[in-house]
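Here's the structure we're looking at; comments come further down.
The values are calculated or read from the model by the stated rules, or taken from the named source; none is laboratory data. Note that the coordinates shown come from a computational prediction; the quantities given were computed from them, not determined experimentally. Heads up, the Cβs are rebuilt from the backbone with ideal geometry, glycines too, and the neighbour counts pull from every protein chain shown. Surface accessibility is based on the protein's heavy atoms, side chains included, excluding ligands, DNA and RNA. Shrake-Rupley method; radii C 1.70, N 1.55, O 1.52, S 1.80 Å.
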Amino acid sequence: MPTYYESTRNNERKISSKQAILEGISKDGGLYVRPDLDQIQLDLNTICRQSYKENALYILSRLLPDYTEAELKECIDAAYTDNFDTPEITPLRKVGDIYVCELFHGPTSAFKDVALTLLPQLMRVALRSAGQKALILTATSGDTGKAALEGFRDVDDIGIVVYYPHQKVSQIQYRQMATQRGSNVKVYAVKGNFDDAQSQVKRLFLDPELNQKAQAEKIMLTSANSINIGRLVPQIVYYFESYKQLVKQNVITVGDPISFSVPTGNFGDVLAGYYGYLMGLPVKKFYVASNANHVLTDFLTTGTYDRNRPFIQTISPSMDILISSNLERLLYYMSGKDNAFVASCMEQLKTEGKYTIPQAMLERIRERFDCGYVDDEGTKAVIREVYEKDGVVLDPHTAIGYRVAEKADRPVVSLATASPYKFSVDVLDAIGKKADDQLQAMNELHKVWSDPVPKGLAELPTLPILHKDVIEVNEMKQSVENAMETLFHD
């Protein structure tokens, strides 16, 4: 059985998992995938009797085979020991008749922590083997940036530059990034939206001049977004963990299928679940939950992906995305691993802003995926209804997933992707209370919500602003060159 990774757009180059994690994106612009993913079958009984860390080792050892068991244990222990405020890492909370998987118990109160506490460790080990340094370039719609900055802070031989859309993230997300400490980190606000920053980051990875400068310094340019396979595979673990917890609570027996509802913009979180399905997780359907920027809903309904539409700024900013990068990986598997087909679709997306898949392929996708979207008013209605009925507070992203989960076959797990404290003003507004300032609103929200304010959020008002630069998209290349000169210290 092959154990290599290849590009979604070209199957001629075959590389190891360590190489794939270090490179992040293929030189042809494609994303790295395991062709044999559906041949890796995990034993559910084993998973149901193991701890989170044991399951992470069990799953990752099959997906990252050139890491030794000792290396993976070292990485997993560093990621999941004392970094989360609950021993379950990703606990389930029953809200009504929906099971909410809380993915926000890590250091930055967002689901990205589950992977971005582990990716720096995986990358550090891979760099040790390669004798190189790495510069992480990451565009963020809100949560990835802080989680990546915190995960990579002061990690040896790694620097990180994060770009976020200027004035298009929440006040708390802004402060989380702008106050980031660390000798190897840099943060820029970029004039434009997330897609502008993300598209430019992808171009920079392929820029010959920039790569030549990096190679001269023995620096690899790579990513911490879910386009990096090392960011994606740790997320598979919590899908199996959710299943394990339902078995332990006697909701299901081993082998029973369940459904998942996943709020997503970049398609990475729900793709991790699909990877779990290919590896033996019994899933009836994945419900792809979108906000008013419902490009994925339209694609899953019509088979046409079309980013030629107005960009809508919403109260669920981490989903304000029109180019869902990880959808490329789904196209790869659903097309029968047809690299040429994927490359053609991505070229059309680049030149025309849209592409259409064959009807038969859409039908295959719809056998496993359903969809729905919720606008801002609908999102606030969900937050209010759930709070009044169940006494539970949901953040705006989670509320969208919850609403879409209501139409799902039971049992259904809805992924909670952020702490409601990160979006306190909008959450308070939804439940009929007012606060103008998000930092003050956290305290107001705590008066009506028994869960404590996470430590990393509670300290934000007292931290100094360290990163103030606002740049144009065309200035991002220069910022990378500056980072190569300044972020690496002996």
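Could you work out the equivalent-ellipsoid semi-axes for region 314-417, taking the square root of 5 times each eigenvalue of the Cα gyration tensor, largest first, in whole Å? All intermediate terms of the calculation are to be shown ahead of the outcome.
Details: eigenvalues 214, 55, 21 Å².
They are 33, 17, 10 Å, listed largest first.
Rounded to the nearest 500, what is the 222 nm mean residue ellipticity of the chain from helices alone, with -39500 (n - 2.57) per DSSP H run of 4+ residues and division by all residues? Walk me through the intermediate numbers first.
Working: 22 runs with 221 residues, N = 490.
Taking each H run of at least 4 residues, the total per residue is -13500 deg cm²/dmol.
Measure up Lys146/Lys191; Lys354/Lys380; Lys284/Lys354 against 24 Å on the Cα-Cα distance and list the ones that go over. Could the numbers behind the result be given before it?
Details: Lys146/Lys191 19 Å; Lys354/Lys380 31 Å; Lys284/Lys354 29 Å.
Those over the limit are Lys354/Lys380; Lys284/Lys354.
Output ³J(HN,Hα) for region 462-476: one whole-Hz value per residue in order, computed from phi by the Karplus curve 6.51 cos²θ - 1.76 cosθ + 1.60 with θ = phi - 60°, and x for Gly and Pro.
So the J values, rounded to whole Hz, are 9, 8, x, 6, 10, 10, 10, 6, 10, 10, 7, 4, 6, 9, 5.
Rounded to whole Hz and in sequence order, give me ³J(HN,Hα) for region 260-271 from the Karplus expression 6.51 cos²θ - 1.76 cosθ + 1.60, θ = phi - 60°, writing x for Gly and Pro.
In residue order, the calculated couplings are 10, 10, 10, x, 8, x, 8, 6, x, 5, 6, 5 Hz.
Could you tell me the ratio Rg/Rh of the chain? Both radii from Cα atoms, Rh via Kirkwood. It would help to have the intermediate numbers written out before the result.
Details: Rg = 20.9 Å, Rh = 22.4 Å.
Result: Rg/Rh = 0.93.
Please state the charge dipole magnitude for region 171-248, taken about the Cα centre, from unit charges on C-beta atoms (+1 on K and R, -1 on D and E), reported in debye and rounded to the nearest 20.
Numbers: 11 positive and 6 negative charges, 60 e Å.
Once rounded to the nearest 20, the dipole reads 280 debye.
Roughly how many Å² is the accessible area per residue of region 1-138, as a whole number, for a 1.4 Å probe? It would help to have the intermediate numbers written out before the result.
Values: 4980 Å² over 138 residues.
Using a 1.4 Å probe on heavy atoms only, each residue of region 1-138 averages 36 Å².
Can you pull the accessible area of Phe341 for me, 1.4 Å probe, Å² to the nearest 10?
Estimated to the nearest 10 Å², Phe341 gives 40 Å².
Quick check: Cα centre of region 78-117 to Cα centre of region 19-38, how many Å?
If you average the Cα positions of each part, the centres end up 27 Å apart.
Quote the accessible area belonging to Arg307 in square angstrom, nearest 10, computed with a 1.4 Å probe and with ligands, DNA and RNA left uncounted.
80
Which of the pairs Lys422/Lys468; Lys18/Lys422; Lys18/Lys94; Lys285/Lys389; Lys218/Lys477 have their Cα atoms more than 30 Å apart in this structure? Don't skip to the end; give the middle numbers.
On the way: Lys422/Lys468 21 Å; Lys18/Lys422 34 Å; Lys18/Lys94 38 Å; Lys285/Lys389 27 Å; Lys218/Lys477 18 Å.
Violating the 30 Å Cα-Cα cut-off are Lys18/Lys422; Lys18/Lys94.
Using modelled backbone amide H atoms (1.01 Å from N, in-plane), which distant-in-sequence or interchain residues come within less than 5 Å of Leu221's amide H?
Amide H neighbours of Leu221: Leu135.
Where does region 1-112 land on Rg(C-alpha)/(2.2 N^0.38 Å)? Intermediate values should be presented prior to the final figure.
Values: Rg = 16.7 Å, N = 112, 2.2 N^0.38 = 13.2 Å.
The reported ratio for this selection is 1.26.
Can you compute 3J(HN,Hα) from phi for each residue in region 64-73, using the Karplus curve 6.51 cos²θ - 1.76 cosθ + 1.60 with θ = phi - 60°, rounded to whole Hz and x for Gly and Pro?
In residue order, the calculated couplings are 10, x, 8, 7, 6, 4, 5, 5, 5, 4 Hz.
Rounded to the nearest percent, how much of the accessible area of region 292-373 (1.4 Å probe, protein heavy atoms only) is carbon and sulfur? All intermediate terms of the calculation are to be shown ahead of the outcome.
Numbers: 1560 of 3200 Å².
The value for region 292-373 is 49 percent carbon and sulfur by accessible area.
With a probe of 1.4 Å, find how much accessible area region 187-226 has per residue, and write the answer as a whole number in Å². Walk me through the intermediate numbers first.
On the way: 1580 Å² over 40 residues.
About 40 Å² of surface per residue is accessible.
How big is the dipole moment of region 1-140 about its Cα centre under a simple scheme where the beta carbon of each Lys and Arg is +1, that of each Asp and Glu is -1, and everything else is neutral? Debye, nearest 20, please. Intermediate values should be presented prior to the final figure.
Working: 16 positive and 19 negative charges, 75 e Å.
Dipole magnitude for region 1-140 comes out near 360 debye.
For the peptides 150-156, 82-88, what is the packing order when you average, over each peptide's residues, the other Cβ atoms within 10 Å and list the highest mean first?
Details: 150-156: 19.0, 82-88: 13.6.
The packing order, highest mean first, is 150-156, 82-88.
Amide H of Lys284: which non-local residues (sequence gap of 5 or more, or other chain) have their own amide H closer than 5 Å, using H built in the peptide plane?
When sequence neighbours closer than 5 places are left aside, the close amide H contacts are Ile258, Ser259.
Ranked highest first by the average count of other Cβ atoms within 10 Å around their residues, in what order do 32-38, 465-471 fall?
On the way: 32-38: 19.3, 465-471: 12.6.
The packing order, highest mean first, is 32-38, 465-471.
By the scheme Lys and Arg +1, Asp and Glu -1, what is the net charge of all other residues having a beta-carbon under 15 Å from that of Leu463?
Result for the local shell: +4.
Compute the normalised compactness of region 234-377: alpha-carbon radius of gyration over 2.2 N^0.38 Å, N being the residue count. Show your work: numbers first, answer last.
Numbers: Rg = 15.8 Å, N = 144, 2.2 N^0.38 = 14.5 Å.
Against the compact-globule rule of thumb, the ratio is 1.09.
If you roll a 1.4 Å probe over region 169-228 with all protein chains in place, what percent of the accessible area is carbon or sulfur?
Numbers: 960 of 2120 Å².
Solvent-exposed carbon and sulfur of region 169-228 make up 45 percent of the total.
How many percent of the alpha carbon pairs in region 99-190 exceed a separation of 19 Å? Don't skip to the end; give the middle numbers.
Working: 1629 of 4186 pairs.
Within region 99-190, distances greater than 19 Å cover 39 percent of Cα pairs.
How much accessible area per residue does region 265-414 have, counting only protein heavy atoms and a probe of 1.4 Å, in square angstrom? Working shown, then result.
On the way: 5060 Å² over 150 residues.
Per-residue accessible area for region 265-414 comes out at 34 Å².
Compute the distance from the alpha-carbon center of region 341-412 to that of region 423-465, in whole Å.
Region 341-412 and region 423-465 have Cα centres spaced 27 Å from each other.
So how strong a dipole does the chain carry about its Cα centre when Lys and Arg Cβ are +1 and Asp and Glu Cβ are -1, to the nearest 20 debye?
Details: 54 positive and 64 negative charges, 67 e Å.
The dipole of the chain has a size of about 320 debye.
Using a 1.4 Å probe on the protein chains only, how many percent of the accessible area of region 1-89 belongs to carbon and sulfur? Intermediate results must be reported in sequence, preceding the final value.
Working: 1720 of 3860 Å².
Of the solvent-accessible surface of region 1-89, carbon and sulfur hold 45 percent.
Let me check something: with ligands and nucleic acids excluded, how do Glu459, Glu347 order by accessible area (1.4 Å probe), largest to smallest? Working shown, then result.
Details: Glu459 65, Glu347 95 Å².
Highest to lowest solvent-accessible surface, that is Glu347, Glu459.
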